[in-house]
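Student: Take a look at the following structure, please.
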Amino acid sequence: MMDGAQSFPHLFAPLEIRGQVLKNRIFSTGHMTVMLHDGLPTDRMVAYHAARARGGAGLIIIEAARAHASGDSGRPAIRAYDEACIPGYRRIAEACQPHGCKVFGQLTHPGREMPQAADGTHAVAYAPSAVPNERFHVMPRAMNGAMIADVVAGFGAAADRLRRAGLDGVEVIASHGYLLGQFLNPRTNIRADGYGGTFDNRLRFVREVLAAVRRGAGDAMIVGLRLSGEENDHDGLDQPEMLDIAAALAGDGVLDYLNVAAGTSAGLAGSTHIVPPMAYEAGYTAPLAAAIRARVDLPVFVAGRINQPQIAEEVLATGQADMCGMTRAMISDPEMPAKARTGQADNIRACVACNQACIGHMLNGYPISCIQRPETGRELEYGTMTPADTPRRVMVVGGGPAGMKAAAVAAARGHRVTLFEAGAALGGQVSLAQLLPGRAEFGGVTTNLVREVERAGVTVRLNTRVTPDLIAQEAPEEVILATGAVPRAAPVEGADSAHVVEAWQVLRGEANIGSRVVIADWRCDWVGLGLAERLARDGCHVRLAVNGMVAGQSIPQYARDVWLGTLHRLGVEIIPHVRLYGADEQDAYFQHVLSGEPVVLEDVDTLVTALGHSPVDDLAQALEGRDRGLHLIGDCLSPRTVEEAVLDGLRAAWAL
Ligand SMILES: Cc1cc2nc3c(=O)[nH]c(=O)nc-3n(C[C@H](O)[C@H](O)[C@H](O)COP(=O)(O)O)c2cc1C
Ligand code: SF4
């Protein structure tokens, strides 16, 4: 086997910090997993991190934990202010360190970034000053001196707990506009006492926190600070301010490293940089780290869309940073480091930055996973692949994501699998989704699944439409139907006389489009947003009429919001809360879903419908009498998204 370390000499060079050796330059940044019970790590979280340590990560930073009870927001987080956190931390450390992986904890306080509390009420939010928060619509209470001292002490006590749990380091969050960042920022810190006003006064709280953390952590533990290289929001810290802050804090001699990210939680625009979607180019935060690295005498870590070892190698080789955070890269492929090191880089399942099942789940309060790899977050169920008791002949019908995943897993478990696809290529609806503007990278889902299918030894038969006769002829023991879905043909009054086309036709370039377009978007997902962008860029006047509160309501905020900004810039008019019921030569007729009143959109050349999908299940109906070995998965069972399709495929193949 080729030695991949030669291809990635910088990535696999060890890094020594404070006498501890990180075996390589790949780390998993702190990220909330929502794998907690009552604010404490669960078996699921231990198994999740152990999988990444086993896969070769040099360092895992465990998710943001609350350093003080006043920071308890509705986001499920570890209660590091409670002694009860110690055993959970210890179990993660004991599961990861034997793989040569260092383990740090991460401490934070959200300050005014307080979404609703776990009981549904609005907790009092504390901040340096009573400056309102735009994103969560919170008016915080200014902290008094006693509270400042208590929170500082809380950070110190929490660091002491991490030390007693056997962790190797502790990272403090001053990034992303949370409490420490709020003290640093002259727009959110307007205090008139010793903690506000001058540059040094604004740094005072952070310095006190770091001193307390160092006391709690002791001399042996590594202590780092996470900063945003810039906060990318209207009252966020800009790059020159951040450079001065980084240089001053690095010069104090308390810190062992700086970890550079981007964005702020405080606004919708800034927050998309916390987990950057595919709209941002891979590795785009590296120049922010490089600018800081030029000003400080400390190792600088960086994260932000570094999704492949080649990109990480480039960041390191060009001296932009000393460690590369590759968090989603290891959510989508925990074995990424090991594959890169052993010459199997081509087999890495690269993250496509869709933000669907990782941060998308987290923001909705569900355990994180990955659309491409549903085993992630489900390590306790699917962590170790077990060979099938009895290898069987399996016929999988449909080469979309559901069928590909089912075929790959079934074959990997030892079944003899043939995958039939009616079209000329594998991919299913992903082939269409990747045609949306800015979504080409989504096609990586197909590339990665095709690779899995090939590696597992599945026999693939393209251009073959499966009929009941063919099934009888092949006589498989198990049939998995993954026949997908087609656009839903909803009744639209007057559609005969109007110019109505369907979203897929537009995506395939099969429709003539007039200059004044209305898109009727029922699902409020990527399709409506993407079509609006594409047609507006083609020069059309676009009205996007959505059956929801906001365009893109059904998709994760960190994928949607960049798009909404783009549509606004392009002059797309968004009309919320309307259901389509008719059209004629010139108008499109909607009804307001709340008032029931008609909403008539005039001067329409083309009405584009994006009304969701209907299952293709005629084969399933024809086979209904089959008494055993018939499984329906993906959209033919119920039209949903790629995530559920791949998960259905895994579950079906696991059960064989
Ligand atoms: C599910 C999820 C939760 C996150 N929670 C945290 C967190 O607790 N603390 C933090 O500093 N960053 C958090 N982040 C941001 C990541 O640390 C990281 O900066 C971001 O994912 C970009 O890196 P990547 O492109 O390598 O994924 C989170 C990211 C994800 C995907
Ligand atoms: S769900 Fe999407 S963004 Fe998240 S890790 Fe998987 S591929 Fe990457």
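Student: Starting from the alpha-carbon convex hull of the range 1-78, give the projected area averaged over all orientations, in nm². Spell out each step's value before the answer.
Tutor: Numbers: hull surface 28.4 nm².
Mean shadow area of the hull around the Cα atoms is 7.1 nm².
Student: Which net charge results when you count Lys and Arg as +1 and Asp and Glu as -1 among the other residues whose beta-carbon is under 14 Å from that of Gln182?
Tutor: +1
Student: Tell me the label-point distance for the pair Asp252, Ala655, using the 7 Å Cα-to-Cβ offset, in nm and rounded to one decimal.
Tutor: In this crude label model, Asp252 to Ala655 measures out at 5.6 nm.
Student: Given Cβ point charges of +1 (Lys, Arg) and -1 (Asp, Glu) and nothing else, what value in debye, to the nearest 20, does the dipole of the range 1-148 about its Cα centre take? Spell out each step's value before the answer.
Tutor: Values: 15 positive and 12 negative charges, 54 e Å.
It works out to roughly 260 debye.
Student: Putting +1 on Lys and Arg Cβ atoms and -1 on Asp and Glu Cβ atoms, find which of Tyr581, Leu107, Asn355 reaches farthest to the positive end of the dipole of the chain.
Tutor: My answer, from the dipole projection, is Leu107.
Student: Let me ask another. If the cut-off is a Cα-Cα distance under 16 Å, which lysines reach Lys102, setting aside same-chain residues fewer than 8 apart in sequence?
Tutor: Lys23
Student: Still on this structure, I have one more. Using a Förster radius of 45 Å, what is the FRET efficiency between Thr318 and His568 based on their Cβ-Cβ separation? Nearest 0.05, please.
Tutor: Efficiency for this residue pair is about 0.80.
Student: Ignoring everything but the protein chains, give the 1.4 Å probe accessible area of Thr386 in square angstrom, nearest 10.
Tutor: 70
Student: Moving on to the next point. Accessible surface of Val600 in the full protein assembly, 1.4 angstrom probe, to the nearest 10 Å²?
Tutor: Using a 1.4 Å probe on the heavy atoms, I get roughly 70 Å².
Student: Something else: What does the charge dipole of the chain about its Cα centre add up to, to the nearest 20 debye, if the Cβ of each Lys and Arg holds +1 and the Cβ of each Asp and Glu holds -1?
Tutor: Here the chain has a charge dipole of around 1820 debye.
Student: Can I ask one more? Quick one: Kirkwood hydrodynamic radius for the range 247-393, alpha-carbon pairs, angstrom, one decimal?
Tutor: By the Kirkwood definition, the hydrodynamic radius is 17.1 Å.
Student: Quick one: helix 199-217 against the long Cα principal axis of the chain, what's the angle to the nearest 10°, folded into 0 to 90?
Tutor: Computed tilt is about 90 degrees.
Student: Could you state the angle between the C-alpha long axis of helix 401-412 and the longest principal axis of the C-alpha atoms of the chain, as a value from 0 to 90 degrees rounded to the nearest 10?
Tutor: The angle comes out near 80 degrees.
Student: Also: First measure r as the distance between the Cβ atoms of Arg141 and Asp38, then evaluate 1/(1 + (r/R0)^6) with R0 = 35 Å and state the FRET efficiency to the nearest 0.05.
Tutor: Once rounded, the FRET efficiency stands at 0.85.
Student: Nearest 5 is fine: what % of DSSP beta bridges in the range 486-631 come out antiparallel, could you say?
Tutor: 40
Student: Can you pull the three principal axis extents for the Cα set of the range 499-588, in Å, largest first?
Tutor: Principal extents (largest minus smallest coordinate, Cα): 36, 26, 22 Å.
Student: Could you tell me what percent of the accessible area of the range 103-207 is made up of carbon and sulfur, with a 1.4 Å probe and every protein chain present?
Tutor: The C+S portion of the solvent-accessible surface of the range 103-207 is 54 percent.
Student: Under a Cβ-only charge scheme (Lys and Arg +1, Asp and Glu -1), can you give me the dipole magnitude of the range 411-538 about the Cα centre, in debye to the nearest 20?
Tutor: 320
Student: Measure off, as a whole percent, the carbon and sulfur share of the 1.4 Å-probe accessible area of the range 428-543, all protein chains present. Mind dumping the intermediate values first?
Tutor: Details: 2520 of 5340 Å².
Exposed carbon and sulfur together represent 47 percent of the surface.
Student: If you don't mind, there's one more thing I want to ask. For Lys339, Lys23, Lys102, what's the largest-to-smallest order of accessible area, 1.4 Å probe?
Tutor: Solvent-accessible surface, decreasing: Lys23, Lys102, Lys339.
Student: Would you pull out the residues with amide H under 5 Å of Ile60's amide H, same chain only if 5 or more places away, H placed 1.01 Å from N?
Tutor: Here the answer is Ser28, Lys102, Val103, Phe104, since their amide H atoms fall under 5 Å of that of Ile60.
Student: Pull up the cross-link candidates among the aspartates and glutamates for Lys339, meaning alpha carbon to alpha carbon under 18 Å and not fewer than 8 places away within one chain.
Tutor: Leaving aside aspartates and glutamates fewer than 8 places away in the same chain, those within reach of Lys339 are Asp3, Glu313, Glu314, Glu375, Glu452, Glu454.
Student: What distance in nm separates the simple spin-label points at Ser7 and Asp200, each placed 7 Å from Cα in the Cβ direction?
Tutor: The answer from the label model is 5.3 nm.
Student: What angle, in degrees between 0 and 90 and rounded to the nearest 10, separates the Cα long axis of helix 557-569 from the longest principal axis of the Cα atoms of the chain?
Tutor: In the chain, helix 557-569 runs at an angle near 80 degrees to the longest axis.
Student: Please give the length that would be gained between Ala490 and Ser515 if that part of the chain were fully extended, namely 0.36 nm times their separation in residues minus their C-alpha to C-alpha distance (nm, one decimal).
Tutor: Gain on extension, Ala490 to Ser515, equals 6.6 nm.
Student: Placing +1 on the Cβ of each Lys and Arg and -1 on the Cβ of each Asp and Glu in the chain, which of Ala440, Phe8, Val562 has its Cα farthest towards the positive end of the resulting dipole?
Tutor: Phe8
Student: What share of the DSSP beta bridges in the chain is antiparallel, in percent to the nearest 5?
Tutor: Approximately 20 percent, going by the DSSP bridge assignments.
Student: Tell me the carbon and sulfur percent of the accessible area for the range 226-342, rounded to whole percent, probe radius 1.4 Å.
Tutor: Carbon-and-sulfur percentage of accessible area, whole number: 49.
Student: Which one of Leu594, Ala64, Met549 has its Cα pushed farthest toward the positive end of the charge dipole of the chain, where Lys and Arg give +1 and Asp and Glu give -1 at the Cβ?
Tutor: Ala64
Student: With 21 Å as the cut-off, how large is the P(r) tail for the range 554-619, expressed as percent of Cα-Cα pairs? If you can, show how the numbers build up before the last one.
Tutor: Numbers: 983 of 2145 pairs.
The proportion of pairs with Cα distances above 21 Å equals 46 percent.
Student: Here's a follow-up. Run the 1.4 Å probe and let me know the accessible area of Met385, rounded to the nearest 10 Å².
Tutor: Counting only protein heavy atoms, Met385 exposes about 80 Å² to solvent.
Student: Please list Ser28, Ser595 in order of solvent-accessible area, largest first, computed with a 1.4 Å probe with all protein chains present. The partial results should precede the final answer.
Tutor: Details: Ser28 5, Ser595 70 Å².
The most accessible residue leads, giving Ser595, Ser28.
Student: How large is the direction-averaged shadow of the alpha-carbon convex hull of the range 143-241, in nm²?
Tutor: Computed as one quarter of the Cα hull surface, the answer is 6.4 nm².
Student: Here is a follow-up. Give the accessible surface of the chain per residue, rounded to a whole number of Å², with probe radius 1.4 Å and ligands, DNA and RNA excluded.
Tutor: On a per-residue basis, 37 Å².
Student: I've got another one for you. Report, in cubic angstrom per residue, the convex hull volume of the C-alpha atoms of the chain.
Tutor: It comes to 165 Å³ per residue, whole-number rounded.
Student: Order the following by accessible area, largest value first: Tyr366, Tyr558. Probe radius 1.4 Å; ligands, DNA and RNA are ignored.
Tutor: Greatest to least solvent exposure: Tyr366, Tyr558.
Student: When the gyration tensor of the range 587-649 is built from Cα positions, what are the square roots of 5 times its three eigenvalues, in whole Å, from largest to smallest?
Tutor: Values: eigenvalues 296, 37, 29 Å².
Whole-Å semi-axes of the equivalent ellipsoid: 38, 14, 12.
The values are calculated or read from the model by the stated rules, or taken from the named source; none is laboratory data. Quick caveat: nothing in here was measured; it's all calculated off a predicted structure. A quick note on method: Cβ atoms are made from the backbone with ideal geometry, for glycine too, and the neighbour counts reach across all protein chains shown. To get the accessible areas, we keep the full protein, side chains included, count just its heavy atoms, and leave off ligands, DNA and RNA. Shrake-Rupley method; radii C 1.70, N 1.55, O 1.52, S 1.80 Å.
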